[in-house]
Amino acid sequence: MRKELQKEKLKIEKNKNIQKSLEILNDYIRKYGEIKSFDFLYDIMKKSQPFVEELLELRKKVNPNYDKNQARKTIAGNNFQFLVLYLLILNIEKGNLPNDLIVLKTKKHKIVDKYATIKVADETQKPDLDLIAFSEEEKKPIIIYSCKTSLRERAGQTYRWKLLIDITKYCPALVEKYKLEYPEKRKVLTGFITTNFYNEIMQPQQKGMLEFFDYSYIAKNIEVQPPIKKLSSIIDDLNNLFG
């Protein structure tokens, strides 16, 4: 496994905010195996919540001005992204995914600047980025994931970006009207991953939004309907793309 992935894994394991979540995740891995464990991330997040609350309370005692509500949202979002990344790294480590696959948690990456930036007149548009999967081989695609605990969060940025991409391919009049520039040098795919804490994913408006993504996953062990898949399907999808 590449050094950057080992570094990412070590960084997750040392993160104090996610320690209890990792303990619970490892219990699920022992019980179900690391692939199926993707579908139980909702349960793992819920079971770790009381321990996150204890952590927030301790910090509030140290600093009375500490904003527990904001910190709770930040920790939940980051922990979910770290858990998905951790499981992907484990699957690369176990040989369930290609060894040359690179997966990272990041808000910015030079590969996005190079291959996924659309020029709109004098401005630029980029997709929302929480996790990224790619190979250094330029003939292989790049996958950008929005990884959210709720559909209330900002997935819209990515599907607007995807719509602009399609406009540059199929609508010359709109390309001229909005002064769009996007020389496609490498295939960029989009994915949306959610725990669906508020049971929004099957609502017509939200389901319609997911049609703009190449892949949509739920980290919950429930029956799903297209375009939504269980998150454990991400292993087969990545193998089909990078195999």
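Among the residues that make up the range 152-168, is at least one of them among the polar types (S, T, N, Q), in contact (Cβ under 8 Å) with a residue 40 or more places away in the chain, touching a helix residue (DSSP H, G or I) at 6+ places or on another chain (Cβ under 9 Å) and over 18 Å from Glu211 (Cα atoms)?
Within the range 152-168, one or more residues are among the polar types (S, T, N, Q), in contact (Cβ under 8 Å) with a residue 40 or more places away in the chain, touching a helix residue (DSSP H, G or I) at 6+ places or on another chain (Cβ under 9 Å) and over 18 Å from Glu211 (Cα atoms).
Are there any strands (runs of 3 or more DSSP E) wholly within the range 172-243 with 1 or more residues that are in contact with a Lys or Arg (Cβ under 9 Å, 6 or more places away or on another chain) and free of Cβ contacts under 8 Å to residues at least 40 places away in the same chain, and if so which?
On the way: elements: 188-194, 215-218, 228-230.
Passing ranges, in order: 215-218, 228-230.
If I filter the range 212-243 down to residues being within 16 Å of Tyr32 (Cα to Cα) and among the polar types (S, T, N, Q), which single residue comes out as surrounded by the most Cβ atoms within 10 Å (Cβ to Cβ)?
Residue satisfying both the conditions and the ranking: Ser232.
Which of the helices (runs of 4 or more DSSP H) found entirely inside the range 1-108 contain at least 2 residues meeting this: modelled with pLDDT under 95 and among the acidic types (Asp, Glu)?
In the range 1-108, the matching helices (runs of 4 or more DSSP H) lie at 3-14, 41-62.
For the range 113-131, give me each residue that is more than 18 Å from Val175 (Cα to Cα) and free of Cβ contacts under 8 Å to residues at least 40 places away in the same chain.
Once the filter is applied, which keeps residues that are more than 18 Å from Val175 (Cα to Cα) and free of Cβ contacts under 8 Å to residues at least 40 places away in the same chain, the range 113-131 yields Asp113, Asp128, Leu129.
If you take the residues of the range 153-172 that are of a type outside the set (A, V, I, L, M, F, W, C) and more than 15 Å from the chain's Cα centre (by Cα), which of them is modelled with the lowest pLDDT?
Result: Arg160.
The values are calculated or read from the model by the stated rules, or taken from the named source; none is laboratory data. Since the structure is predicted, the reported quantities are computational estimates derived from the model, not experimental observations. Here the Cβ is made from the backbone with ideal geometry for all residues, glycine too, and neighbour counts use every protein chain on show.
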